[in-house]
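Structure first, commentary second.
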Amino acid sequence: MSMMTNTLLQSVETRLWQIENDTNEPYHSKLVILVGDHAQLPIICHCHLLDTKNYCQKHYVYNAIDWNFTTYHILETSIRHVEDLEYCSFLNIIHCQAPTEEEISSLLNNCYIDENLVEQYIDDKTTILHTHRKDVDYYNDLILHKKFPANQIYVIQLETNARNVEHIQSWVNNKRFNHMQHVALGALVMLIENIDLKVGATNGTTGIVTKLEFDLEVNICSISIALNPLGYVQIVGKNQFKTNMILKDIFTKHHFL
Ligand SMILES: [Zn+2]
């Protein structure tokens, strides 16, 4: 409920009144349980951010008329982070005020790694996060080359019939143009589109590359991935994108997502 506005809570009350209009009790004898952290995320309202200080306080849920009738139970610990006292104390700071540089550094400095340390963290249990999207491709490649010898790494060619970069510039500029450039058998990969919801081949599912198939021109045409956690093998083919914007020519590109 951290993103809930006072008007939304009021709408719940109004709807209950419409259903049970024989009583004037707040929430009309219905038990409404609101659970959440008020300070976790800013509320979603139509106020422009610049009109307010850091976030809108006018539409905060506790400004709902019926908020006065509610009973509060304040949890003394953050259940999700109860075992991480250092992180808990940091959350307590950011609930009340913007943290100082020192407070951020004291908690997060140990989390930052540079390029030289990446090798130590290449395992199945560690996820390396990046501050910039462009770094993802760079580090994916770096990790692949640190984990696999060069002769086991296959280059995925960008196939297009475009005759120059201008023709496919819109693709290159497109943030969803996430061309996978290298792959190896045994590499840990992640799907970034829903392929088959029934078998769990969904956006964000990870898996291990188990098989590569090549076409007659020795370009990779399909990648088989044993999905975590059950090992269901999903075959990922190339997506084909077309454009016919320029001089009636149709340009296509293929890439794996
Ligand atoms: Zn607002």
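Values quoted throughout were computed directly from the atomic coordinates according to the rules given, and no laboratory measurement underlies them. Values in this document were obtained by computation on a predicted structure and should not be read as measured data. Quick reminder, even Gly has a Cβ in these numbers, built from the backbone with ideal geometry, and neighbours come from all protein chains shown.
With a sphere of radius 10 Å drawn around the Cβ of Q181, what net charge do the other residues whose Cβ falls strictly inside it have (Lys, Arg +1; Asp, Glu -1)? It would help to have the intermediate numbers written out before the result.
Numbers: positive: none; negative: D137, D141.
Net local charge, Q181 excluded: -2.
The E25 and H46 beta-carbon pair, evaluated with R₀ = 25 Å, returns a calculated FRET efficiency of approximately 0.20. Measuring between alpha carbons in the structure, the pairs from K134/K198; K147/K211; K134/K211; K198/K238; K146/K198 lying more than 24 angstrom apart are K134/K198; K134/K211; K146/K198.
By the beta-carbon count within 10 Å of each Cβ, the least crowded to most crowded order of F148, F69, fewest first, is F69, F148.
Counting other C-beta atoms within 10 Å, which of D124, D37 has the fewest, and how do the rest follow?
Values: D124 9, D37 13.
Listing D124, D37 from fewest to most nearby Cβ atoms yields D124, D37.
A cut-off of 5 Å between modelled amide H atoms, ignoring neighbours fewer than 5 places along the same chain, links C221 with E213, F214, D215.
Treat the count of other C-beta atoms within 10 Å as a stand-in for reagent exposure and order M180, M190 from fewest to most. Let's see the in-between values first.
Numbers: M180 18, M190 13.
The fewest-first ordering by Cβ neighbours comes to M190, M180.
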